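Taking it in order: structure first as C-alpha cells, then the write-up.
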Amino acid sequence: MTMKVMAAIALLSLVVLSANSPNSEVPTGFDNKSNGMVDDATHQADQVKFDDTETIADGLGPIYNAQSCRECHQNPTSGGTSQVAELRVGHQGSDHVFHNPEIPIAHGAEVIKGRTLVNDRSICPNGAFPDTEIQEHVPDSENIRTTRMSLGLLGDGFVEAVADQTLAELARKQCTESHHKICGQAISVPIVEAPGETGIGRFGWKDQHASLLSFSGDAYLNEMGITTRLFPDEFTKLCNTAPEPNDAAGPDGLDDVDHFARFIRASKAPARDAKLAGSEQSKKGAALFEKIGCATCHVSTMTTAAAGTKIHGGTYTVPDALGGKTFYPYSDF
C-alpha cells in the first residue's frame, strides 16, 4: 500500500479551522453528544449498541478479533482511534503478484481463503466442542506480513456525505495541475445495501466502502464474526451454533448495523487542539506543508452535498445536520 493511499484512509483530523457561516460549522468535541442528526438520547442509545459486548449466544465468532466495536474504537471515547493492531498477511505468487493467504484451521479440516486478515481469537475448543481447535495460525508460506491500526470513526458522517463528484473532481484536478505527476484514484465500490449500485470508496484501509452501513456490516463480520443481512455468510461453520444471520432487527425495526451506522453518522468531528495549532512551530509547519505540495493530496477543506441529496442508490438521504457542511479532513480519500 502506498503512503498516499494510507494517508487517504488513515485517521481523519476532521477539525474546524473556521466556518463560512454559523450554519456551515461542523460540530466538534469528544463529549458523546450528537452532531444534531438525532437527539442526544437516541445517539447515546446507539452508543450502547456500539459498546455492547457480544457473546457466543449472540453469534460471536467462530473466529474473531474483538467482542465489541469500542474495543477497537475507544481512544479517547467510543468511535475514536485505536491502540489495537491486527495482522494482515499474504504472499507473492510465481506471477509476481500479491496473493491472499490460505490459512488452515482445525488441523487442516478447513482452509480460510479470500481475505488478508488473520483473526486473533476463536470460540473453541469449548465445552460443546472440546476436540475442535480452530485458532488461526499463519503458515510459513505467508511471508508478507503487516499490522494495521483500526481507524477513528468520529465525524465520518460528514465524509460519507461528500458527493462522489467532489472526490472524482479532486482526482482530475490533481492530475491536471501537477502535469500528471500526481494522479489520485477515485475508485467505485459496491454499495452492499443497494445491490447493483456503486459509489466512490472512502472507508477502510483500501477505500473498499462508500457507505457507513456497508462498512459497519463488513467490520461486524470480519472483526467479531457476526453475520448480518448484508454479510450473511460465516468464514467457517465449525463450532457455530447461533442462528443465521446473527444480527436480527429489534423492536424498533433496526439491526445492530443500523444502530452502528447511525451512531457514526451522528458523531461529532474530533476537536482541534487550539493551543498546539496556535504555536509558532505549528504555524511554520502549516506554511511548509502548503509550500512543498502536501496539500495536493492532503486536501484541507471539503464541503458535503446539500441536505436532501439521495446517495447510495437512494437508500440514504443526506440530513440537514450533515448537508452543506464545510470540514477539514486533510485527505482526499
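Stokes-Einstein at 4 °C, 1.567 mPa s, Kirkwood radius from Cα pairs: D for the chain in µm² s⁻¹? Rounded, D is 61 µm²/s. Remark on the chain: Cys69, Cys72, Cys294, Cys297 stand apart, with no other cysteine beta carbon under 4.7 Å. Label zone (Ser178, point 7 Å along Cα-to-C-beta; backbone nitrogen cut-off 13 Å) within the stretch 279-318: 292-299.
Pairs Lys181/Lys291; Lys181/Lys310; Lys181/Lys325; Lys173/Lys268: which exceed 24 Å Cα-Cα?
Violating the 24 Å Cα-Cα cut-off are Lys181/Lys310; Lys181/Lys325; Lys173/Lys268.
Each principal axis of the Cα cloud of the stretch 85-149 was evaluated for its coordinate range; sorted largest first, these ranges are 44, 28, 18 Å.
Specify which residue in the list Gly127, Phe98, Ser141 is farthest towards the positive end of the charge dipole of the stretch 85-149, using unit charges on the beta carbon of Lys, Arg (+1) and Asp, Glu (-1), about the Cα centre. Of the candidates, Phe98 comes out farthest on the positive side.
Ranked highest first by the average count of other Cβ atoms within 10 Å around their residues, in what order do 308-317, 166-175 fall?
By packing density, highest mean first, the sequence is 166-175, 308-317.
Every number in this text was worked out from the coordinates using simple rules, so none of it is lab data. Remember, it's a predicted structure, so these values are computed and weren't measured experimentally. As a convention, Cβ positions derive from the backbone with ideal geometry for all residues, glycine included, and neighbour counts pool all protein chains shown.
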